[in-house]
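Written out below as structure tokens is the structure these notes cover.
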Amino acid sequence: MKTLAILFLLFQTLIGGRAEFDRTVHDFGIFTVNDGPQSCCFTVTNKGEGPLTILSAISSCGCTGVKWTRTVIEPGETGTIEATYSNEDGPYPFDKTVTVYLSDIKKPVILHLRGNVTKK
């Protein structure tokens, strides 16, 4: 049983413990179609012992642009993923995703952008 617990902790460290996001959901709240594009920034901290790289960040649709830190994130340092929702599709509630792929972590991290666009 003790061996199983140690293996579980090792697995958590190798897979889930290297990168820590400040949050995985950003809620813009309510805004109007006239407010223009809406941006937010997610921060990822390298909690591992080796370098971490954001390999790619892919939005779920063309209405969301994404920029991310392209340099290596050393242990203890942070990188960012900036997402901009274009706000050109008219009034409606939305929930867009950004899929983030990180080096040495097999499972991608899914970030959410939520909000409710209203008329004037």
GluC sites (Glu not before Pro) restricted to region 35-116 and DSSP loop, no more than 16 other C-beta within 10 Å: Glu49, Glu77, Glu88
Those residues of region 81-103 whose amide nitrogen sits under 17 Å from the label point placed on Lys67, 7 Å along Cα→Cβ: 81-87
Computed [θ] at 222 nm, deg cm²/dmol, the chain (DSSP H ≥ 4; -39,500 (n - 2.57); rounded to nearest 500): -2500 deg cm²/dmol
Residue-by-residue Karplus 3J(HN,Hα) for region 97-104, coefficients 6.51, -1.76, 1.60, Hz, glycine and proline x: 10, 10, 9, 10, 9, 10, 5, 6
Count of lysine pairs in the chain with Cα separation under 28 Å (8 or more residues apart, or interchain): 14
For Glu77, residues with placed amide H under 5 Å, excluding near neighbours: Asn46
The chain - percent relative contact order, Cα under 8 Å, separation 6 or more: 31 percent
Segment Thr32-Ser60, extension gain: residue separation times 0.36 nm, minus the distance between their alpha carbons: 7.9 nm
Degrees between helix 2-11 axis and first principal axis of the chain (Cα, 0 to 90, nearest 10): 40 degrees
Hz values of 3J(HN,Hα) by residue in region 107-118 - Karplus curve (6.51, -1.76, 1.60), Gly and Pro given as x: 8, x, 9, 9, 9, 10, 10, 10, x, 9, 8, 10
Hz values of 3J(HN,Hα) by residue in region 23-39 - Karplus curve (6.51, -1.76, 1.60), Gly and Pro given as x: 6, 10, 10, 10, 9, 6, x, 9, 8, 9, 5, 7, 6, x, x, 10, 10
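No lab work stands behind these numbers, since they all come straight from the coordinates. Keep in mind that what you see is a predicted model, and the values were worked out from it rather than measured. Positions of Cβ are backbone-derived with ideal geometry, glycine not excepted, and every protein chain shown enters the neighbour counts.
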